[in-house]
1. Would you calculate a helix-derived [θ] at 222 nm for the chain, using -39,500 (n - 2.57) for each DSSP H run of n ≥ 4 and dividing by the full residue count, to the nearest 500?
2. Quick one: how many Å² of residue 10 are accessible to a 1.4 Å probe, rounded to 10?
3. Expected output is a single nm value to one decimal: the length gained when fully extending between residue 1 and residue 86, i.e. 0.36 nm times separation in residues minus the C-alpha distance. What is it?
4. State, as an integer percentage, the relative contact order of the stretch 13-98 based on alpha-carbon contacts under 8 Å between residues 6 or more apart.
5. Quote to one decimal, in nm, the extra length available between residue 76 and residue 18 on full extension: 0.36 nm per residue of separation minus the C-alpha distance between them.
6. Measuring with a 1.4 Å probe in the full set of protein chains, what accessible area per residue, in whole Å², belongs to the chain?
7. Strictly greater than 15 Å: what percent of every Cα pair in the chain meets that?
8. Which cross-chain or sequence-distant (5 or more) residues have an amide H under 5 Å from the amide H of residue 59, H modelled 1.01 Å from N in plane?
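The values are calculated or read from the model by the stated rules, or taken from the named source; none is laboratory data. Everything quoted here is computed from the prediction, not taken from an experiment. Here the Cβ is made from the backbone with ideal geometry for all residues, glycine too, and neighbour counts use every protein chain on show. Note: areas computed on protein heavy atoms with side chains; ligands, DNA, RNA excluded. Shrake-Rupley method; radii C 1.70, N 1.55, O 1.52, S 1.80 Å.
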Amino acid sequence: MRTAYDIVIRPIITEQSMEDLDIKKYAFEVAKDANKIEIKKAVEEIFGVTVIKVTTQNVHPKQKRTGAYPMGKTAAWKKAVVKLSADSKDIELFEGMV
């Protein structure tokens, strides 16, 4: 049985994701085989918030130069953006970032 911490891997902290904090949208890297229902339950369990919408995106690998001949690739991963309800509290992990 997977726990909530197996589904939500890490927060994504970029300029674009920090701009969405004022409208209560938070971005996370999640397990590749997790669905939207599992992601919603995991975020609600970990942070104690109310999620109203989850959008997901599969991030494909990019080719990277590794020197001479063999071309390497970055890892493929899954991104989830969760929208919290208006009366829900903010996630404290992101508060010092803005």
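1. On the way: 3 runs with 21 residues, N = 98.
Computed mean residue ellipticity for the chain: -5500 deg cm²/dmol.
2. 110
3. Details: separation 85, 0.36 × 85 = 30.60 nm, distance 3.18 nm.
This chain segment gains 27.4 nm when fully extended.
4. On the way: 118 pairs, mean separation 30.6, N = 86.
Relative contact order here is 36 percent.
5. On the way: separation 58, 0.36 × 58 = 20.88 nm, distance 2.24 nm.
Result: 18.6 nm gained on full extension.
6. Numbers: 6750 Å² over 98 residues.
Ligands and nucleic acids excluded, the result is 69 Å² per residue.
7. Details: 2981 of 4753 pairs.
Tail of P(r) above 15 Å: 63 percent of Cα pairs.
8. Result for residue 59 returns 77, 78, 79.
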